[in-house]
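All remarks here apply to the structure that follows.
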Amino acid sequence: MSDTQSTADENNSQERRGFFTRRGLLGTGGLATAVVFGKGLVDASAASAAPAYVPAQLNAKDAHYSTTFRRITRSTGTGSAVKVLPLDRAKFQVGSTFDLRVEATGVDPETTRIVIRVSDGSGPAPLLGPAPVRTSSAPDSVEVTYRDFVYPAAGTFTIAAAVSSSAGSASQEVTHEVVLADASGETAKNVIFFLGDGMGQAAITGARILSKGITEGKYDALLEMDTLDFRGNVTTSGSDSIATDSANSMSAYMTGHKTAVNAMGVYPGNSEDPTASPRVETMAEVLKRSRDMSIGIVTTAEIQDATPAAVFAHTRRRSEYLDIMEQALTPEQMPDVYMGGGRASLLPQSQKGSRRTDERNLIEEFKDKGFAYAGTRTELSAVMAAGTPDKLLGTFHNGNLNVYIDRRITPDPAVLGEFPDQPGLVEMTRAALKVLEKNEKGFFLMVEGASIDKSEHPLDGPRAVYDTIELDQAVAVAKEWAKDRDDTLIVVTADHNHAMSIAGTHTLSREGSPARQQNGVYADAGFPTYVDADGDGFPDDPNPDVQLFFGWSNHPDHPDDFAHNPVLAQPALEDPATEQAFPNPNRDPGAVVQIGNLPLEETNCVHTVEDVFIGASGPGAQRFAKLLDNTEVFHNVIAALGLQIPTYSLRSSGGKVAEAEVAAAEATPAG
């Protein structure tokens, strides 16, 4: 059964330190058959207290940035409930670290007794982990957490937890699958991972029509992502809902674990503190400590946004931009190339546009750690011309970068404001590859076309399609870089689908009122009249006479004349008095209002649940040629690298990896 209790966000949180700092090692024998936590165990909740800070102040009404914390428990008892994290059916790589937590709710902390048993089918399991920490996040709850737990061998493991107190008793059992990557055969040294945020099939098809052209029903050419060697599909749902967001969907790719909306690198715990949820190791952490690979992140969003942050960060609330930047400065999580927008979270609070609550200048702190810095497209070119740096930071806007149409096709000073000189994905990808290729041990580069999603939310199809073309041209850069190599895996996918579809064409010169009468379907649709006279792959004019007719499966009440909008505009606004949405009168004035189908408070369209495309070329690419759960993408990348993760490692102050103390092959079940 379940018991759900919602609580409001709180502004102050404790920084949880030492993800890789072992509090103790239980040895190769692992946990005892039964670990018992009884009355009188010292409360360690304040063992690593740190100064509190105010979370980033973002749009509290946007589902991307607001979080409702829920205490969700499952039990087979009465009066109390217990939850084991990671969840049932979670999959792990041998040697990857995670926090094992048992949460008991509806209990009396003073009399609570928790018994945890771990087995591998033949008896008590051999496990590595630290001494446990006991906390109580609420008057009726107790949590027992093993930080940095490790499964040292492949197999199926069962964790059974039972709780008893004067308030009642409960139990739960979960099963975990642990696998070891096959290091034989052809393996990759480098991985270039492209993520089209919200890039559903409509965005890809639209990009192919606009960029390559279509004549008598046949495409004149294909996109770069169309010609990858292997193609498949990915299911996108999270642990708490069939409808995902970018945080938990990207987290699945970067950790191999499901999590909840707005969470990344964690399993949502029952604490309101966004830093306190149990962690799982991220792609960046695994690759840096296991093979000392370089990590690159390129995005058109803020560099602290959900997709880029999920490569390395851990938080229950994706809007914790300031804490995410703290994590980016931590050696075991630090990207070696980090480019996009988001300068507001790096500037001291006294500087214009800063989001910070202190006078720290994180740009200078990155420079002190050996990073070259660029703040404009011109500066990026100059930095690279002066000699390829070892590390590179670029923040080209205080917020998200402007979308491609507004940056390149119809640049408007009123729209670009103080940031008229922004690079695009192609330039950033090319620079990133030059920096990362210097590491002989290999690299992982994530390139995000973030503006696809950021155009789709406000129902702007043309802008979403142009940004899909831009992402595809960055794929071309990667394919050109890797064409004479046999050591690089290229993956292209999306994190989730969107409401956008293409139903035909819209003809400006066609007589008819209202504007929907200018939409053509079936034989009346014909073909659009976009022209790419300069041959750069982008139509010169996004507003030709015959253009794509975009439809939306979900949307708020909004005016729509079905033609390209010269300015990106919200479809609906919020009435502060009612906290409900109403059609934006400044978007398509005079157009007929399209009646929405979303809850009345929604001002944008939302993500949809359909599967998304995935394609791959290079070593291990064949693993992606099927229907995949999104968590399997992580495991496929690890397998393509032939990576066998050290079962246990200690870090020096410089973040280097010591030799593994216990090898996975040497681990044997306890007698």
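Within the same chain, lysines fewer than 8 places from Lys367 are excluded, and of the rest, those with a Cα less than 18 Å from its Cα are Lys391.
Residue exposure proxy: Glu437, Glu224, ordered by other Cβ atoms within 10 angstrom of their Cβ from fewest to most, comes out as Glu437, Glu224.
Amide H to amide H, with H built 1.01 Å from N, Gln93 comes under 5 Å of Val179, counting only residues 5 or more places away or on other chains. Annotation: amide H of Ala563 has no partner in the under-5 Å range at sequence separation 5 or more or interchain, hydrogens built in the peptide plane. With θ taken as phi - 60° and the Karplus curve 6.51 cos²θ - 1.76 cosθ + 1.60 applied, the whole-hertz 3J(HN,Hα) list for the stretch 544-559 is x, 4, 10, 10, 5, 9, 8, x, 9, 6, 9, 5, x, 4, 7, x Hz, x standing for glycine and proline.
Could you work out the local net charge near Ala616, counting Lys and Arg as +1, Asp and Glu as -1, over the other residues with Cβ closer than 10 Å to its Cβ? Don't skip to the answer; put the middle values down first.
Details: positive: Arg231, Arg623; negative: Asp229.
Residues close to Ala616 contribute a combined charge of +1.
Sequentially through the stretch 143-157, phi angles give Karplus couplings (6.51, -1.76, 1.60; θ = phi - 60°) of 10, 10, 10, 9, 6, 6, 5, 9, 8, x, 8, 6, x, 10, 10 Hz, Gly and Pro residues having no value and appearing as x. Using the structure shown, list the pairs from Lys438/Lys626; Lys441/Lys479; Lys288/Lys369; Lys434/Lys626; Lys454/Lys483; Lys189/Lys212 with a Cα-Cα distance above 23 Å, or answer none. Check vs 23 Å cut-off fails for Lys438/Lys626; Lys434/Lys626; Lys454/Lys483; Lys189/Lys212.
Need one word for the stretch 492-592: rounded, prolate or oblate. Basis is the Cα gyration tensor (sqrt eigenvalues a ≥ b ≥ c); a/c below 1.5 gives rounded, then a/b vs b/c decides.
On the way: a/c = 1.84, a/b = 1.43, b/c = 1.29.
Prolate shape, in that a/c is at least 1.5 and a/b is the bigger ratio.
Give me the net charge for the shell around Ala625: Cβ to Cβ below 9 angstrom, other residues only, Lys and Arg +1, Asp and Glu -1. Can you show the working numbers first?
Working: positive: Arg231, Arg623, Lys626; negative: Asp229.
Around Ala625, the surrounding residues sum to +2.
Electrostatic bookkeeping for Thr158 treats Lys and Arg as +1 and Asp and Glu as -1; over the other residues with beta carbon under 13 Å from its beta carbon, the sum is -2.
Between the amide H of Thr647 and those of Val662, Ala664, distances stay under 5 Å, these residues lying 5 or more places away or on another chain, with hydrogens modeled in the peptide plane.
Under the classification rounded if a/c is under 1.5, otherwise prolate if a/b is larger than b/c and oblate if not, where does the stretch 117-204 fall, given a ≥ b ≥ c as square roots of the Cα gyration tensor eigenvalues? Please report the intermediate quantities before stating the final value.
Values: a/c = 2.59, a/b = 1.56, b/c = 1.67.
It is oblate, given that a/c is not under 1.5 and a/b is not larger than b/c.
The modelled label-to-label distance for the pair Glu511/Glu177, using points 7 Å beyond Cα in the direction of Cβ, is 6.4 nm. What the phi angles of the stretch 600-612 give under the Karplus curve with 6.51, -1.76 and 1.60, with θ = phi - 60°, is a coupling list of 5, 8, 7, 9, 10, 6, 10, 5, 10, 9, 4, 5, 10 Hz, glycine and proline written as x.
Given charges of +1 on the Cβ of Lys and Arg and -1 on the Cβ of Asp and Glu, with all other atoms neutral, how large is the dipole of the stretch 428-486 about its Cα centre, in debye to the nearest 20? Please report the intermediate quantities before stating the final value.
Working: 9 positive and 12 negative charges, 60 e Å.
Using Cβ point charges on Lys, Arg, Asp and Glu, the stretch 428-486 gives about 280 debye.
Coordinate-derived values only; no laboratory data. Since we're looking at a predicted model, the values are computed, not measured. Reconstructed Cβ throughout: ideal geometry from the backbone, glycine too, with neighbour counts over all protein chains shown.
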